[in-house]
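I have placed the structure first, in the form of structure tokens, so that the comments after it can refer back to it.
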Ligand SMILES: [Zn+2]
């Protein structure tokens, strides 16, 4: 989801624009891209679900962001003797998504979903493109929301920010990153945007946990939790069908946003993200058909995970070489991390800042970088020891001719 707002506790839907575009451009030319296969053909037209495995439907909804679509999946299900569809992720609360759901769910055997009801709603994670219509669907069908506890609670927290003023903690966070005053003003004006795209949440939910096995229709699906993009992201894996519904945990063409937000300024989501990549690779077979929330279903899970890990390793190495030259603020490292320039007046600033802090915090966690306050209020990041700085600078000199 690439969004139109500066992220923060109030608008974390704005998470994936700049980094995704950067990765997409970089990966288009990469030989590893050839390791992925896309066996499901063209995406389904809006309102026309496509069956891609027995009892598994692929559905697309529009998004009002630079990343213009989300994939949802429907699973043939039966709950309490009522046959229908379990839906995995729901789309944003926007008029066109609401209209699409109404068309899909029209009564009668001739309607796109054969007039069958929604039996339950699964949400892979809390972001508005995944959670936006969960409250609408669960109320319409008296269905239960199934998701992990951290995602449910975090979503309720962020929705509650809508209507509040931007907190001082958030302003301080971005000031420490080096944001100019005009950017802080824009942040204040946009704060609280998260709730705009989320229908009133269900007031209760059914918790799912890592490793749990769920009976959905005639199949057993395993919950596989990953972290870093969101706190407790759930993928669903059915070994019998050979399918993984991966949400935003594994995407084929773009790298998921991994960001630090002002509510937890010292967090190390990149460390969690890299640990999750290793964990998924160890736990899941390479030949699964992966059904992602963005892009097309693909095969090549292990190759994709390897590529994502290698991309972050390269970014961290470039960042260290850059810090060896001189200490830098967060806003000074964008040129090192992103191919595209980041205008401090644009909506990309928040996305780039969150990713930048994530990379810096990871190096701080590893003891390789230290952050020091300067008189202007912005933190300066430098390599932790002089020998490492010299080595990184030498590597930079070698790398420079590229
Ligand atoms: Zn997401």
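Values quoted throughout were computed directly from the atomic coordinates according to the rules given, and no laboratory measurement underlies them. As the structure is a computational prediction, the values presented were derived from the model and not from experiment. All Cβ positions, glycine included, derive from the backbone under ideal geometry; neighbour counts span all protein chains shown.
Please work out how much length the chain gains when fully extended from residue 82 to residue 139, using 0.36 nm per residue of separation minus the C-alpha to C-alpha distance, in nm with one decimal. Please report the intermediate quantities before stating the final value.
On the way: separation 57, 0.36 × 57 = 20.52 nm, distance 1.61 nm.
So the extension gain works out to 18.9 nm.
Where both partners of a DSSP beta bridge lie in the chain, what percent of those bridges are antiparallel, to the nearest 5?
In the chain, approximately 75 percent of DSSP beta bridges are antiparallel ones.
Quote the FRET efficiency, to the nearest 0.05, computed for residue 309 versus residue 68 with a Förster distance R0 of 30 Å and r equal to the Cβ-Cβ distance.
Details: r = 28 Å, r/R0 = 0.92.
Plugging the Cβ-Cβ distance into 1/(1 + (r/R0)^6) gives 0.60.
Calculated FRET efficiency, residue 169 and residue 189, Cβ-Cβ r, R0 30 Å, to nearest 0.05?
Details: r = 18 Å, r/R0 = 0.59.
The computed FRET efficiency comes out at 0.95.
Using the count of nearby Cβ atoms within 10 Å as a rough guide to exposure, how do 38, 141 rank from fewest to most?
Taking fewest neighbouring Cβ atoms as first place, the list is 38, 141.
Any idea what diffusion coefficient the chain gets from Stokes-Einstein, in µm²/s, Kirkwood Rh on alpha carbon pairs, 37 °C, 0.692 mPa s? Intermediate results must be reported in sequence, preceding the final value.
Details: Rh = 21.8 Å.
After rounding, the answer is 151 µm²/s.
Between residue 240 and residue 114, what is the label-point separation in nm under the 7 Å Cα-to-beta-carbon projection?
The modelled label-to-label distance comes out at 1.7 nm.
Explain nothing, just the number: relative contact order of the stretch 55-134, from Cα pairs under 8 Å at least 6 residues apart, as a whole percent. Intermediate results must be reported in sequence, preceding the final value.
Working: 159 pairs, mean separation 22.9, N = 80.
Relative CO of the stretch 55-134 lands at 29 percent.
Give the share of C-alpha pairs in each 5 angstrom bin for the stretch 104-263, from 0 to the last occupied bin, in whole percents, shortest bins first.
Taking all Cα pairs of the stretch 104-263, the binned fractions are 2, 8, 14, 16, 18, 16, 11, 7, 4, 3, 1, 0 percent.
Residue 103 versus residue 345, label points 7 Å from Cα toward the beta carbon: distance in nm?
Here the answer is 3.9 nm between the modelled labels.
Please compute the length gained on full extension between residue 376 and residue 149, using 0.36 nm multiplied by the number of residues separating them and subtracting their Cα-Cα distance. Kindly include the intermediate steps, with their values, before the conclusion.
On the way: separation 227, 0.36 × 227 = 81.72 nm, distance 4.00 nm.
Length difference between fully extended and current span is 77.7 nm.
With viscosity set to 1.002 mPa s at 20 °C, what whole-number translational diffusion coefficient in µm²/s follows for the stretch 224-339 from Stokes-Einstein and a Kirkwood radius over Cα pairs? List each step's numbers first, then the result.
Numbers: Rh = 15.4 Å.
My calculation gives 140 µm²/s for D.
Based on the Kirkwood radius over alpha-carbon pairs, what value in µm²/s does the Stokes-Einstein equation return for the translational diffusion coefficient of the stretch 46-172 at 10 °C and 1.306 mPa s?
102 µm²/s
Between residue 37 and residue 278, what FRET efficiency follows from the Cβ-Cβ distance if R0 is 30 Å, with the result rounded to 0.05? List each step's numbers first, then the result.
Values: r = 23 Å, r/R0 = 0.78.
So, using R0 = 30 Å, E works out to roughly 0.80.
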